[in-house]
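The values are calculated or read from the model by the stated rules, or taken from the named source; none is laboratory data. Quick caveat, the model's predicted, so the values are computed rather than measured. Every residue, glycine among them, receives a Cβ derived from its backbone with ideal geometry; neighbour counts consider all protein chains shown.
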Amino acid sequence: MFPNQGLNRTAPSLRLRRATLSLALISSLAFIPATLLSSASQAAETQSTHGQRQTVKTPALREKIYKVLTEAQAKAEENQPAEALKILDGLKKSSGLNSYEAAMMWKFYAYIYYSQDNHQQAIQSYENLLRQEALPRALELEALYSAGQLYFAQENYKKSIDYLDRWFALTDTPTPQAYIMLGQAYYQLNQMNKALPPIRSAIAMAEQSEGRAKESWYLLLRALYFEQNNYQAGADVLEKLIQYYPKKEYWVQLSSAYGELKQESKQLSTLEIAYRQGLLDRESEWLTLAQLMIFNDIPYKAAKVLEKGIDKGIIRPEKDNLKLLSYAWSTAQEAKKALPVLVQAAATSQSGEIDIQLGSTYYQLDEWNQAVRYLREGISKGDLKHKGNAYLLLGLSLFNMNEFEDARYAFKQAATFDGAKTSANQWLNYVDNEIQRRDLLAQTLKSMDTP
């Protein structure tokens with residue numbers, strides 16, 4: 001029996017590098033809307049220390065501050081960020097800004113710095129914004145989420161989690177994207193148990209609203225399960241990937257996952273489906289498929305797969321592969337088809353193993369002369385795993401040729417090996433009896449011919 005191959009836990013197909021799972025950040029930053037520059041007073045909700053929201057009064061945005069921010073916005077729209085920053089710097093130096101005005105100024109600072117890829121200054125601007133009192137809840141939510149995104153982009157995952165947790169505590173409408181970012185931050189910190197709930201939530205929300213989640217989200221969940229050696233859950237995710245985003249790698253990985261779960265029939269059927277779709281293009285995949293077919297007692301199909309792989313140049317016609325093909329044909333009761341394969345392999349092999357297999361195949365076909373020839377050749381070459389069995393089979397072949405003395409010698413050699421000792425001694429007794437019977441018969445015939 002050729003055992004099926006298990007899951008390679010270090011393979012890139014099953015253990016994704018964390019860097020490859022990085023999600024693109026979708027910026028929520030925008031120019032300051034005109035409605036936010038209104039001079040009207042605004043009310044906002046903030047969270048009390050007891051977890052209850054209370055309504056607080058937000059200070060008004062005065063007309064003169066509105067004009068300065070509008071001027072800075074115009075410079076930014078004209079792609080003059082340095083001029084926009086100068087205007088904001090002048091505003092920052094002026095005294096008497098109320099908390100809402102200061103917050104709007106810091107929001108615009110954050111936007112300018114972000115547009116220049118200066119993430120650290122953008123983060124600092126959001127942190128200054130969040131220090132202001134009586135913030136409108138929408139503005140506070142935007143600052144918290146954006147800071148969480150920027151910390152994530154800087155790979156400061158602990159800080160990203162802190163800001164996202166604050167955002168989740170305040171928002172009434174969490175998004176799947178936020179859950180994914182939170183889950184991935186925990187994943188990057190190797191906190192797998194904390195990463196799972198938000199990622200599951202994100203996928204569940206996406207499946208409920210759109211019928212399926214993004215491919216990268218399923219990949220992240222799959223990676224988490226495989227990190228935990230939870231192959232059943234990983235297989236469930238791969239089944240969804242095959243359904244929504246069918247690719248060769250997912251078929252192969254699902255087959256491997258079934259192998260880890262000792263579900264050999266599913267392992268075979270999954271890999272065979274990929275084979276029938278023409279997705280398998282590696283020698284190891286074709287060999288695994290053939291081994292699984294032999295393991296599941298369908299050696300004829302295994303032999304056909306191996307022959308096709310050799311013909312297409314995917315499987316190398318080298319010793320071990322040819323030996324596997326011969327084994328498949330022999331097991332499928334197609335011993336004659338195994339002969340040319342074995343002869344080819346034996347001619348180039350330094351070991352006697354293939355010659356012994358070739359002799360065994362001729363023995364199955366009752367071609368004793370050829371069996372003896374190759375069994376002796378294999379024993380002569382050496383490097384045999386079961387030399388006692390080789391001598392035993394040689395003895396049987398010689399016995400069938402009525403070469404009793406030579407057969408007796410082969411059985412005596414076989415009897416020196418523990419694995420073949422019992423059978424060899426039984427055959428020795430039988431051969432001795434046959435020799436005695438032959439000699440007695442010869443003597444009787446001779447006496448009958450004597451006058």
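Computed quantities for the displayed model
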item	result
Those residues of segment 346-368 which are under 11 Å from ASP383 (Cβ atoms) and assigned to a helix (DSSP H, G or I), in sequence order	GLU353, ILE354, ASP355, ILE356
Options GLU227, GLU264, GLU210: the member that is charged (D, E, K, R) and in contact with a Lys or Arg (Cβ under 9 Å, 6 or more places away or on another chain)	GLU227
Tally of residues being touching a helix residue (DSSP H, G or I) at 6+ places or on another chain (Cβ under 7 Å) and among the β-branched types (Val, Ile, Thr) across segment 131-177	2
Answer from GLU239, GLU272, GLU249 - the residue that is in a helix (DSSP H, G or I), within 21 Å of LEU325 (Cα to Cα) and either of a type outside the set (A, V, I, L, M, F, W, C) or touching a residue at least 24 places away in the same chain (Cβ under 8 Å) (or both)	GLU272
Residues (surrounded by fewer than 17 Cβ atoms within 10 Å (Cβ to Cβ) and farther than 12 Å from TYR300 by Cβ) located in segment 315-342	ARG316, PRO317, GLU318, ASP320, LYS336, PRO340
Residues within segment 275-284 that are under 15 Å from ALA302 (Cα atoms) and modelled with pLDDT under 90, tallied	1
Leading residue by the ranking (modelled with the lowest pLDDT) among those in segment 407-422 that are among the small types (Gly, Ala, Ser) and within 16 Å of LEU375 (Cβ to Cβ)	ALA420
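For every residue, the table says whether it meets (1) among the hydrophobic types (A, V, I, L, M, F, W, C); (2) without any contact (Cβ under 8 Å) to a residue 40 or more places away in the chain; (3) surrounded by fewer than 16 Cβ atoms within 10 Å (Cβ to Cβ).
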site: LEU396; (1), (2), (3): yes, yes, no
site: ASN400; (1), (2), (3): no, yes, yes
site: ARG408; (1), (2), (3): no, yes, no
site: ASP432; (1), (2), (3): no, yes, yes
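Rundown of residues vs (1) of a type in the set (S, T, N, Q); (2) crowded, with 22+ Cβ neighbours inside 10 Å; (3) touching a residue at least 40 places away in the same chain (Cβ under 8 Å), yes/no style:
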{"position": "ILE354", "(1), (2), (3)": "no, yes, no"}
{"position": "LEU375", "(1), (2), (3)": "no, yes, no"}
{"position": "LYS387", "(1), (2), (3)": "no, no, no"}
{"position": "GLN413", "(1), (2), (3)": "yes, no, no"}
{"position": "ASP418", "(1), (2), (3)": "no, no, no"}
{"position": "THR444", "(1), (2), (3)": "yes, no, no"}
